[in-house]
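Novice: Below you'll find the structure I mean.
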Amino acid sequence: MAELNTGDGGGKKGGGKVRSKKSNPSVDLTAMVDLAFLLITFFILTTTLSKPQSMNLAMPDKQKIEDTPTETPAWRTLTLVLGTGDKLVWYSGRADGPPLDGPVVTTYGKTGVRDLILNKKAGVDARNKAEGADLEKSGITVIIKPSKKSNYKNLVDILDEMAITKVKKYAIVDITDADIKFLEDNKIY
């Protein structure tokens with residue numbers, strides 16, 4: 001049983017008078033300890049633990065994939081090839097033809113790839129608007145090509161940039177030999 005002692009019960013003082021011994025007041029703390037453990041248990045069981053942060057990634061349905069892929073014009077396509085040293089190479093156009101712009105080396109973050117994506121997206125939207133195309137269906141398409149020497153953090157950073165810049169159409173595809181040559185020419189492979 002837990003007790004709380006509040007005094008020593010007197011003692012000898014000078015003067016020689018004999019006093020009656022006073023009993024020590026005590027408080028039984030057993031109920032207080034039980035209550036504390038019940039409260040701790042309650043709060044532990046009702047607390048939500050931190051949930052892992054994840055990004056939603058929509059994948060196409062296997063039954064709805066058509067036999068013939070739709071052609072995206074080269075001027076609406078931006079290709080990002082991830083290299084080493086927190087750098088990447090970008091170019092406009094598809095992999096089956098010569099690039100319209102680039103290849104150019106850039107970095108991650110607000111002043112690097114984010115500004116690039118926002119500028120390209122604005123240019124594509126302006127051209128689509130001038131041609132009278134549907135902006136929802138004919139926006140920019142970003143092709144992401146991680147190399148074997150790029151790290152996972154860089155891929156996550158690019159996916160975060162897709163969410164920040166609100167790019168609706170993007171794909172992660174395998175890297176080609178021409179893309180590896182772009183990385184080697186810029187010494188980031």
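Novice: In the stretch 75-96, how many are part of a helix (DSSP H, G or I) and under 22 Å from Ser147 (Cα atoms)?
Specialist: 0
Novice: Further question on the same structure: Can you give me the number of residues within the stretch 21-55 that are touching a residue at least 12 places away in the same chain (Cβ under 8 Å) and either surrounded by fewer than 10 Cβ atoms within 10 Å (Cβ to Cβ) or in a loop (DSSP other than H, G, I, E, B) (or both)?
Specialist: 7
Novice: Among the residues in the stretch 129-145, are any in contact with a Leu (Cβ under 6 Å, 6 or more places away or on another chain) and polar (S, T, N, Q)?
Specialist: no
Novice: Take residues that are modelled with pLDDT of 90 or more and tell me which of the strands (runs of 3 or more DSSP E) falling wholly in the stretch 97-189 contain 3 or more. Working first, answer last.
Specialist: Numbers: elements: 101-107, 141-146, 169-172.
Correct list: 141-146.
Novice: Of (1) at pLDDT 80 or above; (2) closer than 30 Å to Gly112 by Cα; (3) of a type outside the set (Asp, Glu), Pro60 satisfies all except one. Which?
Specialist: The number of the failed condition is (1).
Novice: Here is a list: Trp90, Trp75. Which entry is modelled with pLDDT of 80 or more, open to solvent by 30 Å² or more (accessible area, probe 1.4 Å) and over 27 Å from the mean Cα position of the chain (by Cα)?
Specialist: Trp75
Novice: Hey, another quick one. Of the residues in the stretch 152-164, how many are of a type outside the set (A, V, I, L, M, F, W, C), surrounded by fewer than 14 Cβ atoms within 10 Å (Cβ to Cβ) and free of Cβ contacts under 8 Å to residues at least 60 places away in the same chain?
Specialist: Result for the stretch 152-164: 2.
Novice: Name the pairs whose Cβ atoms lie under 6 Å apart, with the first residue in the stretch 165-184 and farther than 16 Å from Thr106 by Cα, the second β-branched (Val, Ile, Thr) and open to solvent by less than 60 Å² (accessible area, probe 1.4 Å), and 6 or more positions between them or separate chains?
Specialist: Thr165/Ile117; Val167/Val142; Lys169/Thr141; Tyr170/Val142; Ala171/Ile143; Ile172/Ile144; Val173/Ile143
Novice: Quick check on my filter: what residues within the stretch 171-189 are among the small types (Gly, Ala, Ser) and open to solvent by 50 Å² or more (accessible area, probe 1.4 Å)?
Specialist: Passing the criteria: only Ala178.
The values are calculated or read from the model by the stated rules, or taken from the named source; none is laboratory data. Quick caveat: nothing in here was measured; it's all calculated off a predicted structure. Ideal geometry is used to build each Cβ from the backbone, glycine not excepted, and the neighbour counts take in all protein chains shown. Note: accessible area is taken over every heavy atom of the protein model, side chains too, but ligands, DNA and RNA are not part of it. Shrake-Rupley method; radii C 1.70, N 1.55, O 1.52, S 1.80 Å.
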